[in-house]
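The values are calculated or read from the model by the stated rules, or taken from the named source; none is laboratory data. Remember, it's a predicted structure, so these values are computed and weren't measured experimentally. Cβ sites come from the backbone with ideal geometry, for glycine too, and all protein chains shown count toward neighbours.
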Amino acid sequence: MKVAYGKKVVASQNYIASYVGAKILENGGNAFDAAIGISATLSVVLPYTSGIGGDGFLLAKTPEGIIAYNASGWSPKGLNVEKIPSPRHPSTVVVPGLVDLWNYIVENYTTMSLHELLKPAISLAINGFYISKSLAKAIKNSQDLGESWRKVYGNKEAGDILKLREMGEVLKIISRDPREFYEGKITEDIVLGLRKQGVNVDFSDFANFRGEEIKPIKTTYKDYEVYELPPNTQGISTLEALKLVELSNINRFPYDDDTRINEHIKIYGIVYSDRNNYITDPRFYPLDVNLLDEKYLMKRMKDFNVTATSMNTQDTTFFVVSDGENEIGFIQSLFFAFGSGIVVKDIPFNNRGFGFTEGRNKPEPRKRPLHTLSILMAEKDKENLIIGCAGGDLRPQIHSQVFEYYVDYNMEIDEAVDAPRFMFLGSKVVAEKRLRTKYQQLDYYSPEVGVVQALKRTNKYSIAVADPRSEGVALVVN
C-alpha cells in the first residue's frame, strides 16, 4: 500500500521498516518510539542507504511546537587534506551522528525503553533477513569497494539471507546506553578498525561529539508557512527555489509546459550556485547573505550569473510517522551507496566528507561539510505537511516540485508524490516519460528523480505516502 489514511500512520522506503513502526504504534508507543524502531530497522535492511555509521536529522511537529535536531558528524581533528581526493577516500569518513540522534530522542520524547525499540533491528541483524531487490541492486553496483565491504556484502543476491551479527552486537550495546557507541569499549574497537583502513580518527573525535537542537529556517509560499533545516544543510536551497517560483509566477503554466520546466531549470541554476557559494558549517562561516530576501532574489533572476555544478544523486532514506499528536520527518544517510565502502563490525561508514569542496566549505578539522540532507515542513490553518526524500543534491528540486504540485496544481499529497518529475543535473536535464518533454527521458516512474515519503495531517486524519518509485509501503494503525 502506497498511501494510508488514519490517525496513526507510517511510511518508509522499506516494507519491513514500515511494519516495525506500525507494530510499535499498535503496542502503545508514540511516534518517537516508532521513529527509533524504523530508523534502526532501516540501518539493518537498507545498509547501503544509512545506518549507525552515518548521520541523521529530525524535524517534528508536537503539541508543544516544532523541534529539529542536527546529528550530522564532524571531521576528525586529524584531518589534514586541502582537498578530498576521491569519493571513497578514507578522509571522507566523519564521526557518525545517527546514534546521537537516537540518544536525544530517548532522553526527551520516547515512552518505551530503547532495549525494546531496538529488538526488531537486533533480531534482523543477528538472525538474518532476506535481501530485497533494491539492496541486491546496490550490492551489484558497488563491486569496486574494498575488502572489508566485500567480506560482508560482496557476494549477496536478492533472496539470499544476510546476517550482520557484529552489527547486531553493537546494537545490543547501544540499546543499553547509546553513549557507549561514542565513549565506550566498542568505540575503541571501531576507532581501531577505521584507523587500520586509513581513517585518521581518534577516540576523542567520537567522545567529544554531540549533535545539536537547531531552529528551522522559515519563509512563506502563497498562504503556507514553510520550514526547512538550516545550514550546514541545503534546506535553505529548497526555500530559495520556492520563493523564486512564487516571485516569477511560473506555475501559471500547466505543470508539463516546457516554458515552466525551462524557467525552473534557470531557478535551480541560481539556487545551486548560491548553495555552493555560501552554505557550510555555520560554526566556521556563518551565513551572511539573506538568500530569501525578495530584493536579493529579484536581482539574482535579473543578473542570472551561475557557477557550474555537478550533482551527486546518491543514497539516503527518509520516513514519516504520526501517532495522531506528533508528526515526524526523519532522514538518515551514508551519502554514496555503502558510504566510504569502509566496513567495521559489519557497519558501513559514511563518506560525508566528500561534501567538502573549497572556500567556506573547504575541509577543516572538526567541521561538518555542506550537507545534502534536509526536510520540508509546511503549515496552513490546521493542515500540516512533511515532505522528504532520497535524492542527494537533487533534494531541493524534489521537495519544491512535490510541494508545488500540492499547492499550485491542487493535487492531494499522494498525487503530488506520484506526479512526474524532472531534474536539473548541472550538465543536463532528465525527466520521467510522463512529462513528454524535449529532455532526456527516464522511465515512467524512475527513482532517479528521488524517492519521496510524505505526511499530511488535518484535524480529521493523517495521510502517509510511500513513493511508488520504491519498495516502500505506507501503513495505518487504527
For the range 209-225, the count of residues that are farther than 20 Å from Asp393 by Cα and in a strand (DSSP E or B) equals 8
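Which of the following residues is β-branched (Val, Ile, Thr), farther than 20 Å from Ile38 by Cβ, modelled with pLDDT of 95 or more and surrounded by fewer than 23 Cβ atoms within 10 Å (Cβ to Cβ): Val343, Val407? Write out each step before concluding.
Values: Val343 fails: surrounded by fewer than 23 Cβ atoms within 10 Å (Cβ to Cβ).
Val407 is the lone residue from the list that is β-branched (Val, Ile, Thr), farther than 20 Å from Ile38 by Cβ, modelled with pLDDT of 95 or more and surrounded by fewer than 23 Cβ atoms within 10 Å (Cβ to Cβ).
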Here the residues within the range 118-127 that are closer than 13 Å to Leu164 by Cβ and crowded, with 19+ Cβ neighbours inside 10 Å are Ala121, Ile122, Leu124, Ala125
Return yes when Gly269 is among the small types (Gly, Ala, Ser) and assigned to a helix (DSSP H, G or I) and no when it is not. yes
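Each row is one residue, and each column tells you yes or no for (1) out of contact with any Asp or Glu (no Cβ under 9 Å at 6 or more places or on another chain); (2) modelled with pLDDT of 95 or more.
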residue	(1), (2)
Met411	no, yes
Asp414	yes, yes
Val417	no, yes
Phe424	yes, no
Among the residues of the range 253-284, write down those that are without any contact (Cβ under 8 Å) to a residue 12 or more places away in the chain and either in contact with a strand residue (DSSP E or B) (Cβ under 7 Å, 6 or more places away or on another chain) or more than 16 Å from Met301 (Cβ to Cβ) (or both). Phe253, Pro254, Asp257
Checking Lys299 against (1) assigned to a helix (DSSP H, G or I); (2) under 30 Å from Asn459 (Cβ atoms), which single condition isn't satisfied? (2)
Could you tell me whether Ser204 is closer than 19 Å to Asp346 by Cβ and among the small types (Gly, Ala, Ser)? no
Filter result for Lys438 (closer than 17 Å to Tyr255 by Cβ and touching a strand residue (DSSP E or B) at 6+ places or on another chain (Cβ under 6 Å)): no
Of the residues Tyr130, Tyr48, Tyr69, Tyr104, which single one is among the aromatic types (Phe, Trp, Tyr), surrounded by fewer than 24 Cβ atoms within 10 Å (Cβ to Cβ), without any contact (Cβ under 8 Å) to a residue 40 or more places away in the chain and farther than 24 Å from Lys7 by Cβ? Tyr130
Residues in the range 5-21 that are surrounded by fewer than 24 Cβ atoms within 10 Å (Cβ to Cβ) and either within 23 Å of Ala136 (Cβ to Cβ) or not basic (Lys, Arg) (or both) total 5
Take the residues in the range 372-390 that are in a loop (DSSP other than H, G, I, E, B), touching an Asp or Glu at 6+ places or on another chain (Cβ under 9 Å) and not β-branched (Val, Ile, Thr), then tell me which one is surrounded by the fewest Cβ atoms within 10 Å (Cβ to Cβ). Asp381
Could you check how many residues of the range 375-402 are of a type outside the set (A, V, I, L, M) and within 22 Å of Ser462 (Cα to Cα)? 11
What number of residues in the range 218-239 are over 16 Å from the mean Cα position of the chain (by Cα) and touching a residue at least 60 places away in the same chain (Cβ under 8 Å)? 7
Residue by residue through the range 432-478, note down the ones that are part of a strand (DSSP E or B) and within 19 Å of Ser310 (Cβ to Cβ). Gln440, Leu442
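Would you check if there is a residue in the range 52-65 being of a type in the set (Lys, Arg), within 20 Å of the chain's Cα centre (by Cα) and closer than 23 Å to Phe354 by Cα?
Within the range 52-65, none of the residues are of a type in the set (Lys, Arg), within 20 Å of the chain's Cα centre (by Cα) and closer than 23 Å to Phe354 by Cα.
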Looking at Ala390, is it at pLDDT 95 or above and within 20 Å of Gly450 (Cβ to Cβ)? no
Determine which member of the set Phe338, Phe356 is crowded, with 16+ Cβ neighbours inside 10 Å, under 21 Å from Gly235 (Cα atoms), at pLDDT 90 or above and hydrophobic (A, V, I, L, M, F, W, C). Phe356
Condition test on Ala416, is it under 19 Å from Val465 (Cβ atoms) and in contact (Cβ under 8 Å) with a residue 24 or more places away in the chain? yes
What residue, of Pro286, Pro369, is surrounded by fewer than 24 Cβ atoms within 10 Å (Cβ to Cβ) and part of a loop (DSSP other than H, G, I, E, B)? Pro286
Give me the residue from the range 155-206 that is part of a loop (DSSP other than H, G, I, E, B) and of a type in the set (Gly, Ala, Ser) and, out of that set, surrounded by the fewest Cβ atoms within 10 Å (Cβ to Cβ). Gly159
